[in-house]
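Notes to accompany the following structure.
The values are calculated or read from the model by the stated rules, or taken from the named source; none is laboratory data. Fair warning: this is a prediction, and the values are worked out from it, not measured in the lab. Cβ placement follows ideal geometry from the backbone for every residue including glycine, while neighbour counts extend to all protein chains displayed. Remember, those area values only see protein heavy atoms, side chains included, never the ligands or the DNA or RNA. Shrake-Rupley method; radii C 1.70, N 1.55, O 1.52, S 1.80 Å.
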Amino acid sequence: MHDARVLVVDDSAAMRALFCDVLEQSKNIRVIGTAANAAEAREQIAELQPNVVTLDVEMPGMSGIEFLEEIMNGGNPLPVVMLSSLTQSGTETSLKAFELGAVECFPKPLKATPEQFAKTVGKLGKIVLAAANSNVRDKPRPKAARGEGEADDDSGYQSSGMIAAFSTSMGGVDALTEVLGQYPKACPPTVIILQTEPMLAEMFIAKADKDCRCAVVAAADGAELKPGTVHIAYDPARHVIVEPGTPARLRLVERDPVGGFRPSATLLFGSLSRGNMPAIGAVLTGMGEDGAKGLKLLQAAGCRTLAQDRNTATVPQAPAAAVEAGAASAELGLAELAADILTNCAATS
């Protein structure tokens, strides 16, 4: 992992100072420049050659979203962490930023003292360092949405009832858009852990439910796992596990974080393993090592286990941890991973 050389772009001098202070206290991060607008940032990028940019969404002149699009469509795209307020419009903008290629969207407090701000953005350093070591897309992927005339989904796919479970964090919105875009209406019963801001997760779920052929809902305690529905868990206050039964059910439980994560993919995978339930598990793009130990338990129980290809994952830390732990039966790109899940979860004639 190499150090982060950061350019901080924000039209507020106070915000620039606060972000610089927070980042410079983080190990392996150096702020090499600041800019108040897109014009200044363009010059700084050419001169200083940063390997990650933090970019404010709302700026005078060219907006952050417009400048992000310029960065990503240029000849040398950079990892960008967008700073957006957690409002309705701010969250919609964050989803647009992911579509354009942002590595992560970080919640920017609307009002905060320096002390409150520092506490709120305590994890920003980890995000920026991960972004500096990410795989940047050189152009936006096409949106994987349901096309006209596809609402009835006459693909004929039939699920065996096998449960698909996977986890993701940084880069996860983009990855899930691609994977769920491959899902048929009668998809395998699926449980996903998405580590992101709750408001952003809620808006992503609403958008995915509208765009995808299958139903996409927020994970709820007691929900039955049946074909045709994807359950996304994102509540940072509760873990999600699967309880055996016919059908199996989700349980949301209040427990301490596991390895620093809540909800924890390792706990989810472990519950499937302990319940001896037919399942397939996968770890997608993300930070940290959550899921690797749980995926190993699934593998030991005879289940198929997958990791997103580290060379294509936006943030390869999590899938790399699974591969290095010997927990993944295969390492696949997103399209191949989705196809693998559907094939292995299909009903046999």
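Brief remarks follow.
- Positions within the range 158-173 being assigned to a loop (DSSP other than H, G, I, E, B), open to solvent by less than 50 Å² (accessible area, probe 1.4 Å) and over 17 Å from Phe98 (Cβ atoms), in sequence order: Gly161, Met162
- Check on Val53, out of contact with any Phe, Trp or Tyr (no Cβ under 7 Å at 6 or more places or on another chain) and modelled with pLDDT under 95: no
- Among (1) part of a loop (DSSP other than H, G, I, E, B); (2) open to solvent by less than 20 Å² (accessible area, probe 1.4 Å), the one test that Pro60 misses: (2)
- Each residue in the range 311-349 was checked for being in contact with a helix residue (DSSP H, G or I) (Cβ under 7 Å, 6 or more places away or on another chain) and without any contact (Cβ under 8 Å) to a residue 12 or more places away in the chain, and 0 of them qualify.
- Scope the range 84-105; condition crowded, with 23+ Cβ neighbours inside 10 Å and either in a loop (DSSP other than H, G, I, E, B) or touching a residue at least 40 places away in the same chain (Cβ under 8 Å) (or both); matching residues: Ser94, Ala97, Phe98, Gly101, Ala102, Val103, Glu104, Cys105
- Every residue from the range 3-31 that is assigned to a helix (DSSP H, G or I) and not aliphatic (A, V, I, L, M): Arg16, Phe19, Cys20, Asp21, Glu24
- Taking the range 1-56 as the range and being under 21 Å from Gly101 (Cβ atoms) and of a type in the set (D, E, K, R) as the test, the residues that pass are Arg5, Asp10, Arg42, Asp56.
- Residues of the range 308-322 that turn out to be open to solvent by 40 Å² or more (accessible area, probe 1.4 Å) and either polar (S, T, N, Q) or over 16 Å from the mean Cα position of the chain (by Cα) (or both), as a count: 3
- Residue check, Glu331 crowded, with 19+ Cβ neighbours inside 10 Å, acidic (Asp, Glu) and closer than 19 Å to Gln182 by Cα: yes
- Of the residues making up the range 278-297, none is open to solvent by 40 Å² or more (accessible area, probe 1.4 Å) and of a type in the set (S, T, N, Q).
- Listed by first and then second residue, the pairs linking a residue in the range 20-46 that is among the aromatic types (Phe, Trp, Tyr) and open to solvent by 20 Å² or more (accessible area, probe 1.4 Å) to a residue that is modelled with pLDDT of 95 or more and not in a helix (DSSP H, G or I), with Cβ atoms under 9 Å apart and 6 or more places separating them unless they lie on different chains, form an empty list.
- Every listed requirement among (1) buried (at least 19 other Cβ atoms within 10 Å of the Cβ); (2) in a helix (DSSP H, G or I) is met by Thr305 save one, (2).
- Of the criteria (1) in contact (Cβ under 8 Å) with a residue 24 or more places away in the chain; (2) surrounded by fewer than 16 Cβ atoms within 10 Å (Cβ to Cβ), which one Ala4 fails: (2)
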